[in-house]
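First the structure, in the form of structure tokens, and then the observations on it.
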């Protein structure tokens, strides 16, 4: 290398050293670590928040059990001699529900001093027949007149104090369902399902406690035991349709 070139290098701009970059690297690392710490705090806050909200429809719309009056109204027009077939079915279903969910006392209110008073008495006579069919003792039924000459045709009312399953009201459409980036339940999610379950349950108290187990069925156990003692096959007999092949059944 010529002396001229060496001189140019020696007298040129000095090469920067690592010490010159240390303050910059330190500041950059501090900013990065601070950002990671803040994002971690944000994730923790988000996790704590989402853990406190409902995750399923049953949590968002829980079913509560309340005790109150359960009633059935039967419209009776003047001159009616008997309950209709539909009304007898309603009374029978109502009494079955009364026996399952409450027990206690059943109250029958009939209008008195009204235009349809005689029709109401005829309806009560039919209700007594249905009560006897369900083996409801007379001591469990209380009869009460009402109306006192009020206008119109008041209904015959059957009621009792029982349990009912209640869910929260539906219809919360406050959220735009086209924006679901947070992946959370919509405000109305699960409401209709919970209302249907509350309406279909036979005994609302099942939501609060488990039913006791009934006695085991011993009929099949006795049959299997007798076959075992006689040395016979204990499996149930199959019918002819189960013994055919697919081609034979198709014909």
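The values are calculated or read from the model by the stated rules, or taken from the named source; none is laboratory data. Keep in mind that what you see is a predicted model, and the values were worked out from it rather than measured. Cβ sites come from the backbone with ideal geometry, for glycine too, and all protein chains shown count toward neighbours.
Residue check: is residue 234 surrounded by 10 or more Cβ atoms within 10 Å (Cβ to Cβ) and at pLDDT 85 or above? So residue 234 fits the description; yes.
Are any of the residues in the stretch 111-128 assigned to a strand (DSSP E or B) and closer than 22 Å to residue 68 by Cβ? Scanning the stretch 111-128, I find no residue that is assigned to a strand (DSSP E or B) and closer than 22 Å to residue 68 by Cβ, so the answer is no. Considering (1) crowded, with 18+ Cβ neighbours inside 10 Å; (2) touching a helix residue (DSSP H, G or I) at 6+ places or on another chain (Cβ under 8 Å); (3) over 30 Å from residue 205 (Cα atoms), the lone condition that residue 77 does not fulfil carries the number (1).
For the stretch 56-72, the tally of residues that are modelled with pLDDT of 90 or more and either closer than 16 Å to residue 142 by Cα or loosely packed, with under 12 Cβ neighbours inside 10 Å (or both) stands at 2.
In the stretch 80-99, the residue that is nearest to residue 130 (Cα to Cα) out of those that are in contact with a helix residue (DSSP H, G or I) (Cβ under 8 Å, 6 or more places away or on another chain) and part of a loop (DSSP other than H, G, I, E, B) is 83. Of all the residues in the stretch 159-217, those that are touching a residue at least 40 places away in the same chain (Cβ under 8 Å) and under 30 Å from residue 140 (Cβ atoms) number 16.
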